[in-house]
1. Tell me whether region 61-70 contains one or more residues that are within 15 Å of ligand 2 (Cβ to nearest atom), touching a residue at least 12 places away in the same chain (Cβ under 8 Å) and farther than 26 Å from Leu12 by Cα.
2. Asp129 - would you say it is within 10 Å of ligand 2 (Cβ to nearest atom) and out of contact with any Ser or Thr (no Cβ under 7 Å at 6 or more places or on another chain)?
3. Output the residue which, of all residues in region 135-176 that are open to solvent by 10 Å² or more (accessible area, probe 1.4 Å) and in a loop (DSSP other than H, G, I, E, B), is nearest to ligand 2 (Cβ to nearest atom).
4. Would you list the strands (runs of 3 or more DSSP E) that sit entirely within region 33-134 and hold 1 or more residues that are under 12 Å from the mean Cα position of the chain (by Cα)?
5. Being under 14 Å from the mean Cα position of the chain (by Cα) and open to solvent by less than 40 Å² (accessible area, probe 1.4 Å) is the requirement here; does Val9 meet it?
6. Taking only region 55-92 into account, find how many residues are among the hydrophobic types (A, V, I, L, M, F, W, C), more than 16 Å from ligand 1 (Cβ to nearest atom) and open to solvent by less than 60 Å² (accessible area, probe 1.4 Å).
7. Within region 185-205, take every residue that is part of a strand (DSSP E or B) and within 12 Å of ligand 1 (Cβ to nearest atom) and give me the one that is least open to solvent (accessible area, probe 1.4 Å).
8. Within region 179-202, is there a residue that is of a type in the set (Lys, Arg) and either over 19 Å from Leu17 (Cα atoms) or more than 16 Å from ligand 2 (Cβ to nearest atom) (or both)?
Amino acid sequence: MEITDTPNVILLDHPLLKHKITLLRKKETGTNEFRRLVKEIAVLEGYEALRGLKTELIEVETPIETAKEPVISGKKLCFVPILRAGLGMVDGMLELVPSAKVGHIGLYRDETTHEPHEYFCKLPGNIEDREVFVLDPMLATGGSAKDAIKLLKERGARKITFICIIAAPEGVRVFHEAYPDIPLYIGALDRCLNENAYICPGLGDAGDRIFGTLK
Ligand code: PRP
Ligand code: URA
């Protein structure tokens, strides 16, 4: 069975998204363009991931007549980027829902073991009542994604969705086995991980490319 043969692993396939992810991968894409693309990709992925938002009817007066029409109900969304690279996706998501709260989870991968280490977590209040969207461009071994979800659950979050740009099959499997009920939105599913747990073909180190910290 393919890992994408489950309703909660959603591999997006819009041609605009594919095009932008291809540009993102190119090694000659500089910091400025890289940031812009990550933001645009977040808008496209967010548009799909937010499809389930609840609406309520309000009365509006058009120039023709009065009608009951839908608006998004409540303002209980929270976007949580995994630092650092997830930060690049926040502005795109906020363009879609400017009123959303933003929490932050800081994790870095140990260069040798590839295990994630937590260094920061700050979430808005009433996280248990909010719909939480975790943002990280890269899902490689799945370790960081799993730790972020664990942290959120420990702090009371109940309704969580994960959005990444590029995923490795290994990471998708690990994530989905740990959290089969959490929808996982993927922009592109790559071939595999290399010996350094980098995604192939991938785009290299997303955080370094967003923040211009490449060695
Ligand atoms: C990257 C990426 C993910 C993680 C994915 O972050 O943004 O958070 O690696 O790898 P995993 O699935 O194997 O855990 P990194 O730890 O490099 O930190 P950075 O964003 O600060 O560069
Ligand atoms: N983190 C990244 O930024 N890129 C990868 O390919 C794997 C983990």
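1. No, region 61-70 contains no residue that is within 15 Å of ligand 2 (Cβ to nearest atom), touching a residue at least 12 places away in the same chain (Cβ under 8 Å) and farther than 26 Å from Leu12 by Cα.
2. Values: within 10 Å of ligand 2 (Cβ to nearest atom): no; out of contact with any Ser or Thr (no Cβ under 7 Å at 6 or more places or on another chain): yes.
No, not satisfied.
3. It comes out as Ala140.
4. Numbers: elements: 55-61, 66-72, 77-83, 104-109, 116-122.
Where strands (runs of 3 or more DSSP E) fall fully within region 33-134 and carry at least 1 residues being under 12 Å from the mean Cα position of the chain (by Cα), they are 77-83.
5. yes
6. 5
7. Ranking the candidates gives Ile199 first.
8. Within region 179-202 (the criterion being of a type in the set (Lys, Arg) and either over 19 Å from Leu17 (Cα atoms) or more than 16 Å from ligand 2 (Cβ to nearest atom) (or both)), the answer is no, since none of the residues qualifies.
The values are calculated or read from the model by the stated rules, or taken from the named source; none is laboratory data. Predicted model, so just to flag it, every value in this text is computed and none were measured. Note: ideal-geometry Cβ built from the backbone for every residue, glycine included; neighbour counts use all protein chains shown. These area figures cover heavy atoms from the full protein model, side chains too; ligands, DNA and RNA do not enter into them. Shrake-Rupley method; radii C 1.70, N 1.55, O 1.52, S 1.80 Å.
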